[in-house]
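Shown next, in structure tokens, is the structure this report addresses.
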There are 2 protein chains.
Amino acid sequence: MYTVKAIKSLFLEYMEANKFELSPRELFEPVDYILQLGGKRLRPVLLLMSYNLYQEDIKAALPAAYAYEIFHNFSLVHDDIMDEAPIRRGKATIHQKYDINTGILSGDVMLIYAYKYLLDLEKKEAIPEILSIFTKVSTDVCIGQQYDINFETANQVAIEEYLKMIELKTAALIAGAMYSGALLAGATKVDCQNLYEFGLNIGTAFQLQDDILDTFGNAATFGKRIGGDIVQNKKTYLVLTALERANSAQKKQIEDLLSSHPIDEAGKIKEVTELFNELNIKELANKKRDEYHSRALKNLDSLAIDREKLTPLKMVAESLLQRVQ
Amino acid sequence: MYTVKAIKSLFLEYMEANKFELSPRELFEPVDYILQLGGKRLRPVLLLMSYNLYQEDIKAALPAAYAYEIFHNFSLVHDDIMDEAPIRRGKATIHQKYDINTGILSGDVMLIYAYKYLLDLEKKEAIPEILSIFTKVSTDVCIGQQYDINFETANQVAIEEYLKMIELKTAALIAGAMYSGALLAGATKVDCQNLYEFGLNIGTAFQLQDDILDTFGNAATFGKRIGGDIVQNKKTYLVLTALERANSAQKKQIEDLLSSHPIDEAGKIKEVTELFNELNIKELANKKRDEYHSRALKNLDSLAIDREKLTPLKMVAESLLQRVQ
């Protein structure tokens, strides 16, 4: 079996060998730009790890890993336009560096290239199912993004609706990557399905962790500004849980704060965080995240493979969810 | 064999039975909206006609026909955002009726659904090739759109570059539809390739015709404002041919006119049209269009099928290119 580090290097080598050095540059240079901004390469690494549970030589799965990374970046490019986000991974977003039209069109061609790489897979007999699962989860990502947009202006969002939204927007693609890796490696349908569920659970836990870190994280290690969600009045798991547990005075306070756009953003972040602390929100969110994490581990334990093979995946899951004290 | 009218009805019935009555409505209602604006349904009709050259029962090809129509409409939705076009087929464009974010996201899900319908085809063994050709021509459409954008600000555009652009942006998708219909019907590779070439040639002729009608057409039958391309300073085949044939005084006149945005648009249209007339541009453009039309007919004559089966396709080609007197 490959180490996680070796898998990531192999994937980065494959990306380097498959850069979008295509013409016209106006269309493809932005694709190279966004793909080279870095990031954890979580989806391709997980896809390859899933494959590697069943097969030694992971090279055959590299085009699928790349397809998932290209799709993920496509969704970032279009989401960043919709969110008017100027910065991604510390650098200008495509629509900021070039323009909105470039973001739209270069994004479109990325979505098409994700399919192109899946069609490049050597295991031709698996292609229809690989494409079906990809089509399903990429539709889920669009639906999740639509719910996310809807929630911005919704008066009320139920916690269950929020969890469904992050499952669609974030976890489904990770689930699709896990499923596809196993499928390409010839795993049984039951194992593929368990790995899909693992992806849903770990992806949801990962997004809950992101919600937690956005308020309670350490700026140095989080990589984003602490309190960004609060400033943007996002209805995160923390906010929805706080609203559910608040008494009427606290509820009014949260609602007032989270419909305001004060100049003193630090003051607002502090007030909301204090309310979260009063309501024990960090612990509740940690607990919910741990529930998903446990389910993910159970999904792994259901697989028809040797226990020790699961160690690297469990470590990756753990590293994604490092505890906030 | 089906008549063209019967094919179109069958396709419209299939569309009706496969409306995007999906949730969330914010995402899918715009898809239904744009698909129901009408239009010639040229790509699906041609795909089904291509299939019908080889097979009687065209139903098996309906999902592919729908995929091409969905993709075509996806490209209109995103192009209309890029062109800031408020009107499409006499109705508000999606970004105008809803907003730009809706146009982006509903467009994205349409592109994914085009693949989904191709994956729905019953002839599973054809799916990898059907998807490969679709991926190729949909990439061509993006590249063509990028060239079209580049040409807006380019100082010089060669006629050959313009013809290549319309081949990519307009003709490639028609070619892909022709190829796919024949492939699904079990035609030989040679016939598929000839039908692909037919699509490229007829698609290019069709776009040249559109350029001609935009200046020399009849407002009542053209359906768009006469002179729109001139007002927008578009570098059409007419303009590029005029620039090639003009003496230096005429060249300066054209260049000045086509970099101006006068309030008197009718005056500008009249002046440019007069220059075109001096330079015999309508005749030259008709001739170029007829060249492509002839090549398209030759492609049909190369097919390994009975001559009389070609009549409907030839009639459609002819009707697309009704002569401007």
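The values are calculated or read from the model by the stated rules, or taken from the named source; none is laboratory data. This one's a predicted model, so the numbers in the text were calculated from it and none came from an experiment. Every residue, glycine among them, receives a Cβ derived from its backbone with ideal geometry; neighbour counts consider all protein chains shown.
Working carefully through the options B:ILE269, B:ILE305, find the one that is surrounded by fewer than 17 Cβ atoms within 10 Å (Cβ to Cβ) and farther than 18 Å from B:ALA154 by Cα.
B:ILE305
Is it true that A:GLU84 is modelled with pLDDT under 95, more than 8 Å from chain B (Cβ to nearest Cβ) and assigned to a helix (DSSP H, G or I)?
Considered against the rule, which asks whether it is modelled with pLDDT under 95, more than 8 Å from chain B (Cβ to nearest Cβ) and assigned to a helix (DSSP H, G or I), A:GLU84 comes out as no.
Counting only residues that are away from chain A (no Cβ under 13 Å) and of a type in the set (A, V, I, L, M, F, W, C), which one in segment B:49-69 is surrounded by the fewest Cβ atoms within 10 Å (Cβ to Cβ)?
Going through the qualifying residues, I end up with B:ALA60.
Based on this model, can you work out whether B:ASP79 counts as of a type in the set (Asp, Glu), at pLDDT below 95 and in the same structural domain as B:VAL141 (by TED's automatic domain parsing)?
no
Testing B:THR93 on (1) surrounded by fewer than 21 Cβ atoms within 10 Å (Cβ to Cβ); (2) touching an Asp or Glu at 6+ places or on another chain (Cβ under 8 Å), one condition comes back false. Which one is that?
All conditions are met except number (1).
Just to check your reading of the model, which residue among B:GLN253, B:GLN232 is touching a Leu at 6+ places or on another chain (Cβ under 7 Å) and not aromatic (Phe, Trp, Tyr)?
B:GLN253
Hey, B:LEU105 hits all of (1) within 14 Å of chain A (Cβ to nearest Cβ); (2) over 27 Å from A:TYR147 (Cα atoms); (3) at pLDDT 95 or above but one; which does it fall short on?
Of everything listed in (1) within 14 Å of chain A (Cβ to nearest Cβ); (2) over 27 Å from A:TYR147 (Cα atoms); (3) at pLDDT 95 or above, B:LEU105 misses just condition (2).
Considering only residues that are among the small types (Gly, Ala, Ser) and under 23 Å from B:THR204 (Cβ atoms), look in segment B:224-251 and name the one that is surrounded by the fewest Cβ atoms within 10 Å (Cβ to Cβ).
Once the filter is applied, the top-ranked residue is B:GLY228.
Taking the stated definitions as given, is B:ALA85 more than 19 Å from B:VAL316 (Cα to Cα) and in contact with a Ser or Thr (Cβ under 9 Å, 6 or more places away or on another chain)?
Considered against the rule, which asks whether it is more than 19 Å from B:VAL316 (Cα to Cα) and in contact with a Ser or Thr (Cβ under 9 Å, 6 or more places away or on another chain), B:ALA85 comes out as yes.
Which condition number in (1) within 28 Å of A:ASN299 (Cβ to Cβ); (2) touching a Ser or Thr at 6+ places or on another chain (Cβ under 7 Å); (3) among the aromatic types (Phe, Trp, Tyr) is the one that A:PHE276 fails?
(1)
Can you give me the ranges of the helices (runs of 4 or more DSSP H) entirely in segment B:142-242 with at least 3 residues that are out of contact with any Phe, Trp or Tyr (no Cβ under 6 Å at 6 or more places or on another chain), away from chain A (no Cβ under 14 Å) and hydrophobic (A, V, I, L, M, F, W, C)?
B:159-166, B:172-184, B:189-216, B:219-222
Within the set of pairs 6 or more residues apart or between chains, which connect a residue that is touching a residue at least 60 places away in the same chain (Cβ under 8 Å) inside segment B:61-77 to a residue that is in a helix (DSSP H, G or I) and of a type in the set (Val, Ile, Thr) with Cβ atoms less than 6 Å apart?
Taking only residues 6 or more apart or on different chains, the pairs are B:SER75/B:VAL141.
For the list (1) at positive phi; (2) modelled with pLDDT under 95, I need the number of the one condition that A:PHE222 fails.
Going through (1) at positive phi; (2) modelled with pLDDT under 95 one by one, A:PHE222 breaks only (1).
In segment A:243-266, which residue that is assigned to a loop (DSSP other than H, G, I, E, B) and not polar (S, T, N, Q) is nearest to A:ARG43 (Cα to Cα)?
A:LEU258
Quick one: would you say A:GLN96 is in contact with a strand residue (DSSP E or B) (Cβ under 8 Å, 6 or more places away or on another chain) and more than 13 Å from chain B (Cβ to nearest Cβ)?
Spelling it out, A:GLN96 is indeed in contact with a strand residue (DSSP E or B) (Cβ under 8 Å, 6 or more places away or on another chain) and more than 13 Å from chain B (Cβ to nearest Cβ).
Yes or no, residue by residue, for (1) outside any helix (DSSP H, G or I); (2) facing chain A (nearest Cβ under 10 Å); (3) at pLDDT below 95; (4) in contact with a Leu (Cβ under 8 Å, 6 or more places away or on another chain):
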{"residue": "B:ASN101", "(1), (2), (3), (4)": "no, yes, no, no"}
{"residue": "B:MET110", "(1), (2), (3), (4)": "no, yes, no, no"}
{"residue": "B:LEU121", "(1), (2), (3), (4)": "yes, yes, no, yes"}
{"residue": "B:GLU125", "(1), (2), (3), (4)": "no, yes, yes, no"}
{"residue": "B:THR139", "(1), (2), (3), (4)": "no, yes, no, no"}
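Within segment B:252-262, does at least one residue satisfy the condition of being surrounded by fewer than 17 Cβ atoms within 10 Å (Cβ to Cβ), among the acidic types (Asp, Glu) and within 18 Å of B:LYS282 (Cα to Cα)?
The answer is no; no qualifying residue exists.
If I ask for residues that are free of Cβ contacts under 8 Å to residues at least 12 places away in the same chain and surrounded by 17 or more Cβ atoms within 10 Å (Cβ to Cβ), which ones from segment A:143-184 would you list?
Across segment A:143-184, the qualifying residue is only A:GLN146.
Check B:LEU297, B:LEU275 and return the single one that is more than 26 Å from B:ASN150 (Cα to Cα) and either modelled with pLDDT under 95 or in a helix (DSSP H, G or I) (or both).
Of the residues listed, the single one that is more than 26 Å from B:ASN150 (Cα to Cα) and either modelled with pLDDT under 95 or in a helix (DSSP H, G or I) (or both) is B:LEU297.
Only one of these conditions is not met by A:PHE28: (1) touching an Asp or Glu at 6+ places or on another chain (Cβ under 8 Å); (2) within 30 Å of A:ALA304 (Cα to Cα). Which number is it?
Status for A:PHE28: all satisfied but (2).
Looking at (1) away from every other protein chain (no Cβ under 14 Å); (2) within 23 Å of B:SER138 (Cα to Cα), which is the only condition A:ASP79 fails?
Result: A:ASP79 passes all but (1).
Which members of segment B:28-52 meet the condition of being within 19 Å of B:HIS78 (Cα to Cα) and part of a helix (DSSP H, G or I)?
Hits for segment B:28-52 are B:PHE28, B:GLU29, B:PRO30, B:VAL31, B:ASP32, B:TYR33, B:ILE34, B:LEU35, B:ARG43.
Taking segment B:104-119 on its own, how many of its residues are buried (at least 24 other Cβ atoms within 10 Å of the Cβ) and in contact with a Pro (Cβ under 8 Å, 6 or more places away or on another chain)?
2
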